[in-house]
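Participant: Sharing a structure here in structure tokens format.
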């Protein structure tokens, strides 16, 4: 279950007209904080991001599952299930499943949320995008930035 503050931040982003990925970013940020404070670990930075996106979908952020060809069928099905649960408003898991997931994550390391690991993941992700896609993303970010 996401913290109330995270849900509040995501809701504020939604009201400000920011993209669903920006709203979901709040949940990913929370996940990194959980790993850093020792609540649990993650096998990789990618896994930590996936957990955050899953929580965001279950919390009702309108973040559709990845398109065909972007990820494996299993990942897409899981994302679709999370998305539907968020739309119906029953985004919580059973306590047995939740406990089992947490127990497994506690066995993992905490390096996935280090500055270096996040930076590596960000660069790797940016490299897979074209210059035009990066430029469009920057332009869109600039348009939603608050006037200072």
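Every number in this text was worked out from the coordinates using simple rules, so none of it is lab data. Values in this document were obtained by computation on a predicted structure and should not be read as measured data. Here the Cβ positions follow ideal geometry from the backbone for every residue, glycine too, while neighbour counts run over all protein chains shown.
Participant: If you fit an axis through the alpha-carbon atoms of helix 4-15 and take the longest principal axis of the Cα set of the chain, what angle between them do you get, 0 to 90°, nearest 10?
Facilitator: 30 degrees
Participant: Tell me, what does the Kirkwood hydrodynamic radius of the chain come to in angstroms if you use every pair of distinct C-alpha atoms? It would help to have the intermediate numbers written out before the result.
Facilitator: On the way: mean 1/r = 0.0609 Å⁻¹.
Taking the inverse mean of 1/r over all distinct Cα pairs, the chain comes out at 16.4 Å.
Participant: Next up: Could you tell me what % of all Cα pairs in the stretch 50-122 have separations over 14 Å? Each step should come with its number before you reach the end.
Facilitator: Numbers: 1808 of 2628 pairs.
I get 69 percent for the Cα pairs in the stretch 50-122 exceeding 14 Å.
Participant: Subtracting the Cα-Cα distance from 0.36 nm times the residue separation, let me have the gained length for residue 139 to residue 67 in nm, one decimal. Each step should come with its number before you reach the end.
Facilitator: Numbers: separation 72, 0.36 × 72 = 25.92 nm, distance 2.31 nm.
So the chain would gain 23.6 nm between residue 139 and residue 67.
Participant: Any idea what angle helix 45-58 forms with the longest principal axis of the chain, computed on alpha-carbon atoms, 0 to 90 degrees, nearest 10?
Facilitator: So the helix axis and the longest Cα principal axis differ by about 90 degrees.
Participant: Another question, then. Which order results if 118, 49 are arranged by neighbouring Cβ count within 10 Å, fewest first? Working shown, then result.
Facilitator: Details: 118 16, 49 21.
Taking fewest neighbouring Cβ atoms as first place, the list is 118, 49.
Participant: Let me know the Kirkwood hydrodynamic radius for the stretch 1-54, please, with Cα pairs as the basis and the value in Å to one decimal. Please report the intermediate quantities before stating the final value.
Facilitator: Values: mean 1/r = 0.0883 Å⁻¹.
Roughly 11.3 Å, rounded to one decimal.
Participant: Return the FRET efficiency for the residue pair residue 96, residue 75: r is the Cβ-Cβ distance, R0 is 22 Å, and the value is rounded to the nearest 0.05.
Facilitator: Plugging the Cβ-Cβ distance into 1/(1 + (r/R0)^6) gives 0.45.
Participant: Based on the Cβ-Cβ distance of residue 37 and residue 8, what FRET efficiency does E = 1/(1 + (r/R0)^6) give at R0 = 30 Å, to the nearest 0.05?
Facilitator: On the way: r = 19 Å, r/R0 = 0.64.
Here the calculated transfer efficiency is 0.95.
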